[in-house]
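The values are calculated or read from the model by the stated rules, or taken from the named source; none is laboratory data. Remember, predicted model here, so these are calculated numbers, not experimental data. Ideal geometry is used to build each Cβ from the backbone, glycine not excepted, and the neighbour counts take in all protein chains shown. For the accessible areas, the whole protein counts, side chains as well, though only heavy atoms, and no ligand, DNA or RNA atoms are used. Shrake-Rupley method; radii C 1.70, N 1.55, O 1.52, S 1.80 Å.
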Amino acid sequence: MALKPNSAEGRTRSSIQIFIVFGLCCFFYILGAWQRSGFGKGDSIALEMTKHGADCNIVPTLNFETHHAGEVGNVDESEKPKSFDPCPPRYVDYTPCQDQKRAMTFPRNNMIYRERHCPIEEEKLHCLVPAPKGYVTPFPWPKSRDYVPYANAPYKALTVEKAIQNWIQYEGNVFRFPGGGTQFPQGAEKYIDQLASVIPITNGTVRTALDTGCGVASLGAYLWSRNVIAMSFAPRDSHEAQVQFALERGVPAVIGVLGTIKMPYPSRAFDMAHCSRCLIPWGANDGIYLKEVDRVLRPGGYWVLSGPPINWRNSYKSWQRPKEELEEEQQKIEDTAKLLCWEKKHEKGEIAIWQKRVNDDSCHRRQDDSQASFCKAGEANDVWYKKMDACITPYPEVSSADEIAGGELKPFPERLYAIPPRIASGSVPGVSVETYQEDNHKWKKHVSAYNKMNRLIDSGRYRNILDMNAGLGGFAAALDSPKLWVMNVMPTIAEKDTLGVIYERGLIGIYHDWCEAFSTYPRTYDLIHANVLFSLYKDKCNLEDILLEMDRILRPEGAIIFRDEVDVLIKVKKITAGMRWDTKMVDHEDGPLVPEKILVAVKQYWVVGGNTTSTQ
């Protein structure tokens with residue numbers, strides 16, 4: 001039966017149709033100036049819409065007062081929005097919590113000065129971090145793996161310092177990354193082949209990897225083709241732009257260091273952990289760094305160490321270190337590995353591989369070892385600014401010697417939608433199998449709506465994606481594609497800690513408090529997703545600071561999708577009016593009667609010393 005035009009159902013259906021038309025029209029018009037670098041072609045539909053000058057005014061602006069007058073009535077729309085000025089050019093690569101000048105005021109022992117040291121409130125910048133002159137859209141993946149535009153990270157120090165190690169080469173207006181490394185002179189592919197002869201890398205058993213001291217993250221870049229996603233990290237140190245290069249290449253990476261603070265990852269997260277000449281003193285301080293790796297390594301997972309002190313008998317002269325010192329260093333590593341009950345599976349050349357036991361019952365000897373000091377139960381995921389302890393993280397209990405502690409995982413990609421063991425066991429309060437499945441259904445629906453608004457999401461235009469409030473990882477799972485990756489952030493103030501579930505799905509993520517800056521360089525992400533983030537942080541810290549941080553880490557002409565209550569988004573929209581963003585509010589995919597709305601923003605293109613070049 002046809003709906004009457006003036007009926008309630010008819011008006012609702014008309015509103016949904018208007019939402020779809022309006023979203024496609026205006027969103028593509030806003031995005032039309034993309035790919036000004038000439039390195040990649042934008043979506044043909046977006047370009048065609050721009051070419052014909054889409055007139056978004058033909059659809060009336062959404063009016064929320066009709067259904068939500070009480071929610072928006074207290075907002076003073078007449079107040080002129082605050083305008084944010086560009087930061088001085090010296091801040092073009094500013095990393096607030098890893099600022100070099102501030103870092104040098106902290107002790108150098110145990111790498112304390114390389115840890116997070118964020119500015120106090122009075123020292124925070126309230127300006128927009130500019131892009132360097134000549135900044136261009138990165139190459140699409142997989143070309144970005146091998147080439148980075150010079151203008152985006154114009155630092156040549158590594159091309160000189162690592163010239164013979166085949167890390168990076170400068171060629172005209174681009175950097176080329178041949179795939180080499182200090183410990184893999186024949187290239188990352190050959191090196192991974194060596195690892196794969198021992199570790200089940202190719203069958204989906206190993207999906208998540210941790211690469212400590214990653215350099216320019218060539219290991220992570222080449223693991224991607226094997227369906228392994230690596231969380232790479234390195235400090236912001238004298239090797240300028242290591243992590244920045246990794247992110248420009250489209251490889252997951254953060255600024256980080258193994259110092260005195262626990263790594264911002266949950267327990268039992270990674271299938272493999274890796275160190276290639278990462279210069280971490282693994283045997284020092286009662287093996288505290290190996291014990292921290294053990295905490296984040298999944299039962300049955302693998303740890304790879306290549307370079308000193310492995311094969312010290314043959315290499316001590318070329319390393320220019322006393323053989324007695326190297327021998328002692330390796331012995332400390334071997335002793336700690338035995339204490340952790342890791343089994344050595346392989347040692348050849350300068351590569352050694354250990355495997356973590358699947359449970360504590362399979363390691364009887366450490367129960368009687370007087371040196372085996374165990375951490376307190378329940379503290380394995382309490383990591384934010386918490387100091388590392390020289391204790392061993394206990395395994396979850398098992399009922400037999402063959403059972404995998406914490407539960408067995410499916411191989412990837414089946415793992416992505418299988419019931420995560422932490423949910424199946426009921427260890428995440430308030431999350432059941434049913435609520436997990438409902439969450440997946442909801443996010444498939446949400447992402448489908450996002451794809452209708454912006455058909456570029458899975459086109460290769462977006463490579464680095466950030467989910468600022470990841471929940472169970474449903475957004476990232478629904479987006480899963482070889483063209484992109486998602487950094488899933490678990491806010492430290494979230495009601496439920498579900499980051500372990502995210503890792504059990506074969507995804508990666510990190511703990512973070514958005515009242516502080518993220519551990520990354522400016523212009524890191526192509527697309528940012530913020531689901532009820534500002535409702536979560538209401539009254540916790542200044543929303544303006546969070547938005548300025550989002551601007552810092554978003555690429556020019558990158559996009560943001562906010563999903564929140566309408567009154568919250570109106571406040572957000574008011575702040576962003578002074579931030580060189582183009583924004584548009586649209587309805588929930590279920591129609592205008594739903595209080596939750598979507599705010600879409602696109603960051604305008606502008607660089608140091610220049611005005612906006614947006615076509616808007």
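What are the semi-axes of the equivalent ellipsoid of the stretch 510-612, taken as the square roots of 5 times the eigenvalues of the Cα gyration tensor, listed largest first and rounded to whole Å?
Each semi-axis is the square root of five times an eigenvalue, giving 22, 17, 12 Å.
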Quiz item: How would you classify the stretch 180-361 from its alpha-carbon gyration tensor, with a ≥ b ≥ c the square roots of the eigenvalues: rounded for a/c under 1.5, else prolate if a/b is greater than b/c, otherwise oblate?
Solution: rounded
Exercise. Could you work out how far the C-alpha centroid of the stretch 576-601 sits from that of the stretch 463-496, in angstrom?
Key: 20
Exercise. Please report, in Å, the Rg and the Dmax of the stretch 94-153, where both are computed over Cα atoms only.
Key: 16.3, 42
Quiz item: Along the charge dipole of the stretch 76-116, Cβ charges K/R +1 and D/E -1, which of 92, 111, 81 sits furthest on the positive end?
Solution: 111
Exercise. Apply the Debye scattering formula to the stretch 277-339, with a single equal point scatterer on each alpha-carbon and no solvent, then give log10 I(q)/I(0) at q = 0.17, 0.24 Å⁻¹.
Key: -0.59, -1.04
Quiz prompt | Segment residue 432-residue 397, length gained on full extension (0.36 nm per residue, minus Cα span) | solution = 10.5 nm
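Compute the length gained on full extension between residue 197 and residue 425: take 0.36 nm times their separation in residues and subtract their Cα-Cα distance, giving the result in nm to one decimal.
Taking residue 197 through residue 425 to full extension adds about 78.7 nm, to one decimal.
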Quiz item: Listed here are the pairs 101/574; 496/538; 143/348; which of them are more than 25 Å apart at the Cα?
Solution: 101/574; 143/348
Quiz item: Among 463-476, 90-103, 555-568, how do they line up from the highest to the lowest mean number of other beta-carbon atoms within 10 Å?
Solution: 463-476, 555-568, 90-103
Quiz item: Give me the log10 of I(q) over I(0) for the stretch 135-259 at q = 0.10 Å⁻¹, as the Debye formula computes it from C-alpha points; what are the numbers?
Solution: -0.29
Quiz item: Rg to Rh for the stretch 80-181: what is it, with Cα atoms only and Rh by Kirkwood?
Solution: 1.06
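Over the alpha-carbon set of the stretch 415-603, divide Rg by the Kirkwood Rh and report the Rg/Rh ratio to two decimals.
0.94
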Self-check item: Estimated D of the stretch 236-324 in µm² per second, where Rh is the Kirkwood radius over Cα pairs and Stokes-Einstein applies at 25 °C, 0.890 mPa s
Solution: 162
Exercise. Working with all protein chains in place, sort 520, 583 by solvent-accessible area computed with a 1.4 Å probe, largest first.
Key: 583, 520
